[in-house]
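The values are calculated or read from the model by the stated rules, or taken from the named source; none is laboratory data. What you see is a predicted model, and the numbers here were worked out from it, not measured in a lab. Please note: Cβ atoms are built from the backbone with ideal geometry, for glycine as well, and neighbour counts cover all protein chains shown.
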Amino acid sequence: MSQSFPIDAIRAQFPVLNREVHGKPLAYFDSAASAHKPLAVIEAQAKYLAERHSNIHRGVHALAQEATEAYESARDTVRAHLNAASTKEILFVAGTTDGINLVAQTWGRANLNPGDCIMLTRMEHHSNIVPWQMLAEERGVEVLVVELNEDGTLDGDMFEVHLAREPKLVAFTHVSNALGTVNDVKTWTKRAHDVGATVLVDGAQAVPHLAVDVHDLDVDFYTFSGHKTYGPTGIGILYGKEALLDAMPPWRGGGEMIDTVSFEKGTTFNELPYKFEAGTPHISGGIALGASLDWMNEVGLAALTGHEHVLTMHAHDVLADIDGLTFYGTAPCKAGVVSFLVDGVHPYDLGTLLDQLGIAVRTGHHCTEPLMDKLGIPGTVRASFGAYNTVEEVDRLAAGVRRAVSMLR
Ligand SMILES: Cc1ncc(COP(=O)(O)O)c(C=O)c1O
């Protein structure tokens, strides 16, 4: 539990916590949007840029080889972290959005035909909706949407009703960024496979909080963003089963993803994972992403999950008796997110007043407009937690909300 979590030692590793915001110590509750970086990650990226930088895979000189080794070693760190069978299954992409677009544009274009249907859920982030909508419109494919129960869990009956239509793809988030719901990926994946569907899971909000084993979950595609796992922006991962990736046509063309190029004979493509990695990648980002996962493992994933669970439960406890406060997302299994609204108070005004107290929360629709529409609200106030948050900060949040509400009503 949080008493045994080495919170002081962890906080000491985050330079941003030394600064003040509006003259107050920073309480950062916006890790679901992007997490701060520990020194281990900042230093890994800086060291690479200062001492080892070169383009990768192409040079015989020492720096090129060192850079290649560091980048490929980060890929293996990701492989081990996700328990993937091979580094051929680990693609470096720009982030979750990029990973989903890659699958839509390659697997989707190759496998979805007019009259087919695909299945999404009401709790998806726009990045797991819009690429599919764009493709669905182009290919004449129907999009089925699984609705939610009151507590923000998936409606299992509706899941089954849609499955009976035998969708070609079932795509859903592991953890909801707006509600915090943790979906039972293993069960839903098994059911989807039973009807022959391919499964893509958006892990953007899961990998920062939970141990994820793609082999055990048996998902076909799994994607996440480095900047939410205490790593840099502009880098993320798409995991795909080797047989699927192998069968998929390449997406972006250019250097690195080719085997041979000829005006006369055409182009042949590189082996996995390079077939999907055209051009010079975000080398320092990949290396620092590996360092971020190493850092999380050093803290211990179970300890991290436990600490954030304590914070989430405590936030529910201390916010619950604020007059007129409603929580959105009360699933029994939640990770790292508390979303709420207070009667008569606009979330934006509440967020602005909290900011004056040094407390960073996010307000708005959290890129889940279809969910907000269904709930009949414009958005929520969202506090999301990371390794560096404390129970005392959560108490500050509750006191801040009380104070702001008394001023705004
Ligand atoms: C559940 C979920 N999916 C996808 C994304 C998109 O991530 P990115 O902007 O890093 O591509 C986010 C970002 O907030 C998210 O929370």
Listed residues D246, D216; which is within 15 Å of V103 (Cβ to Cβ), charged (D, E, K, R), in a helix (DSSP H, G or I) and more than 16 Å from the ligand (Cβ to nearest atom)? D246
Assess whether G115 counts as being small (G, A, S) and assigned to a helix (DSSP H, G or I). no
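Quickly run through the stretch 185-197 and pick out the residues that are of a type in the set (D, E, K, R) and within 16 Å of the ligand (Cβ to nearest atom).
Going through the stretch 185-197, the residues of a type in the set (D, E, K, R) turn out to be 186, 190-191, 194.
Within the stretch 185-197, none qualify.
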For the stretch 122-176, which residues satisfy the criterion of being within 15 Å of T198 (Cβ to Cβ), in a helix (DSSP H, G or I) and within 15 Å of the ligand (Cβ to nearest atom)? N128, P131, W132
Within the stretch 94-121, residues being near the ligand (Cβ under 9 Å from one of its atoms) and either buried (at least 24 other Cβ atoms within 10 Å of the Cβ) or not β-branched (V, I, T) (or both) number 6
Examine the stretch 50-60 for a residue that is in a helix (DSSP H, G or I), crowded, with 22+ Cβ neighbours inside 10 Å, assigned by TED's automatic domain parsing to the domain that holds Y239 and modelled with pLDDT of 95 or more, and state whether such a residue exists. no
Quick check: anything in the stretch 20-34 assigned to a helix (DSSP H, G or I) and away from the ligand (no atom under 16 Å from the Cβ)? no
For the stretch 129-157, give me each residue that is under 20 Å from G108 (Cα atoms), touching a Pro at 6+ places or on another chain (Cβ under 8 Å) and surrounded by 14 or more Cβ atoms within 10 Å (Cβ to Cβ). I129, R139, V141, L144, V145
Cβ pairs under 8 Å, 6+ apart, first in the stretch 139-154 and over 19 Å from A335 (Cβ atoms), second among the aromatic types (F, W, Y): V143/W132; V146/F159; V146/F172
Out of all the residues in the stretch 160-176, is one or more more than 19 Å from T223 (Cβ to Cβ) and among the hydroxyl-bearing types (S, T, Y)? no
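Scan A74, A67, A80 and give me the residue that is modelled with pLDDT of 95 or more, in a helix (DSSP H, G or I), of a type in the set (A, V, I, L, M, F, W, C) and closer than 23 Å to N183 by Cα.
On inspection, the qualifying residue turns out to be A80.
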Might you let me know whether the stretch 372-389 holds any residue that is within 16 Å of the ligand (Cβ to nearest atom) and either assigned to a helix (DSSP H, G or I) or surrounded by fewer than 16 Cβ atoms within 10 Å (Cβ to Cβ) (or both)? yes
From the option list L179, L200, L238, L210, single residue qualifying as part of a loop (DSSP other than H, G, I, E, B), in contact with a helix residue (DSSP H, G or I) (Cβ under 7 Å, 6 or more places away or on another chain), within 15 Å of the ligand (Cβ to nearest atom) and of a type outside the set (F, W, Y) is L210
Would you check if T68 is within 15 Å of the ligand (Cβ to nearest atom), buried (at least 16 other Cβ atoms within 10 Å of the Cβ) and hydroxyl-bearing (S, T, Y)? no
State which residue is surrounded by the most Cβ atoms within 10 Å (Cβ to Cβ) when the search covers only the stretch 161-214 and only residues that are within 21 Å of T368 (Cα to Cα) and of a type in the set (S, T, Y). S176
Hits in the stretch 319-341 (condition: within 20 Å of R409 (Cα to Cα) and not hydroxyl-bearing (S, T, Y)): L319, A320, D321, I322, D323, G324, L325, F327, F340, L341
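Tell me the residue from A27, A32, A74 that is within 13 Å of I283 (Cβ to Cβ) and surrounded by 15 or more Cβ atoms within 10 Å (Cβ to Cβ), please.
Working: A27 fails: within 13 Å of I283 (Cβ to Cβ); A32 fails: within 13 Å of I283 (Cβ to Cβ).
Among A27, A32, A74, only A74 is within 13 Å of I283 (Cβ to Cβ) and surrounded by 15 or more Cβ atoms within 10 Å (Cβ to Cβ).
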